[in-house]
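Remarks on the structure that follows.
The values are calculated or read from the model by the stated rules, or taken from the named source; none is laboratory data. Remember, predicted model here, so these are calculated numbers, not experimental data. Counting neighbours? That spans all protein chains shown, and the Cβs are built from the backbone with ideal geometry, glycine included. In case anyone asks, the SASA skips ligands and DNA or RNA and just uses the protein heavy atoms, side chains included. Shrake-Rupley method; radii C 1.70, N 1.55, O 1.52, S 1.80 Å.
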Amino acid sequence: MGPIFRASQPRWLHDLAPQASERVLHAHQICPYLKQRSKGKNNTDDVSKKKILIVGGGLTSAQLALLATESNWCTEVTLIQRSKMNPRHFDIGNEWMGPKRGKLLEDFWCLDVYERVKKLKETRGGGTIPPEVILELAAKQGKKLEVREEVEVTNVQLVDGRLQVFLDDATEPNFYDMIWLAIGAQNHIDHYSALSHLRQVLPVDVVNGFPVLNTDLSWRAPTVEEVEESGIDEPTWKQVARKRIWLTGALAALQLGPDALNLVGARHGSVRIARAIRQDIAQTKAAASLKEDEHDCDCFHC
């Protein structure tokens, strides 16, 4: 399954006046806004020149900064991030793409599920930007674009129809017309309505939003301790259903590793599931054949 991310909410956003919320857009809201703007469906104030603050340290924030800088409706663009830029071609290290990947996965699988969660966070880290995109940003600086690293927003207030932004570097607050947020998102099994309902029928252990699956990525039953506490044995149909529900992609990271969301991880997951399906088909055919043999006799009872 592909990721259904829920945009992260910075603390200062909760304290912002409701009437200012339309001036703060998350990454997934920006394309609809730009399409609406290009069709001229916005109000008069919305089609005026804009001074934009972009918050984020990954590729999305960099692309948004370049897009806004090249537009004719934007006068100034400021890109800030709370850490230094991390130049990397992929969102995980190159070692996970090369010959060392097998050993790295073996070490990952030796960890318990809680240690795996820590390893996932450490390996993927924060936002990364390809080196060539960083060069593009550098070429735009000093014109309409300003890039500031190791700085964070502490407070935002709506003053005379504009957003007054305070940063943690003790500089004077600046005014902006809009804030674009590209600060990542949270991925949790309960963000998928179908899987959230499935958990009610077929409970599964969840650690930090990730379901604990079997090695073949099928829907694993809860631990023995939880089953004993509930005092309920699952009927046969539920046991069979668990064996025939497989999950891959971002949510299968506890089994697939840090590259679960990347193409190599997707291939890894599909191979596991294909192997499990073939095995299930073979077992089903063998069981049906055995049942036929049991009734294929000349005795009176048959």
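Assorted remarks:
- Hits in the range 135-173 (condition: open to solvent by less than 40 Å² (accessible area, probe 1.4 Å) and part of a helix (DSSP H, G or I)): 137
- Criterion violated by residue 115 - all others in (1) in contact with a helix residue (DSSP H, G or I) (Cβ under 6 Å, 6 or more places away or on another chain); (2) modelled with pLDDT of 95 or more satisfied: (1)
- Residue check for residue 107: open to solvent by 60 Å² or more (accessible area, probe 1.4 Å) and modelled with pLDDT of 90 or more: yes
- A search for C-beta distances below 8 Å between a residue of the range 213-240 that is farther than 27 Å from residue 277 by Cβ and any residue that is modelled with pLDDT of 60 or more and open to solvent by less than 100 Å² (accessible area, probe 1.4 Å), counting only pairs 6+ apart in sequence or on different chains, returns 226/203; 226/205.
- Test: residue in the range 246-258 that is over 17 Å from residue 210 (Cα atoms) and either open to solvent by 60 Å² or more (accessible area, probe 1.4 Å) or among the charged types (D, E, K, R) (or both): no
- Conditions (1) farther than 20 Å from residue 165 by Cα; (2) touching a helix residue (DSSP H, G or I) at 6+ places or on another chain (Cβ under 9 Å); number of the one not met by residue 99: (2)
- Test result for residue 102, surrounded by 13 or more Cβ atoms within 10 Å (Cβ to Cβ), among the small types (Gly, Ala, Ser) and outside any strand (DSSP E or B): no
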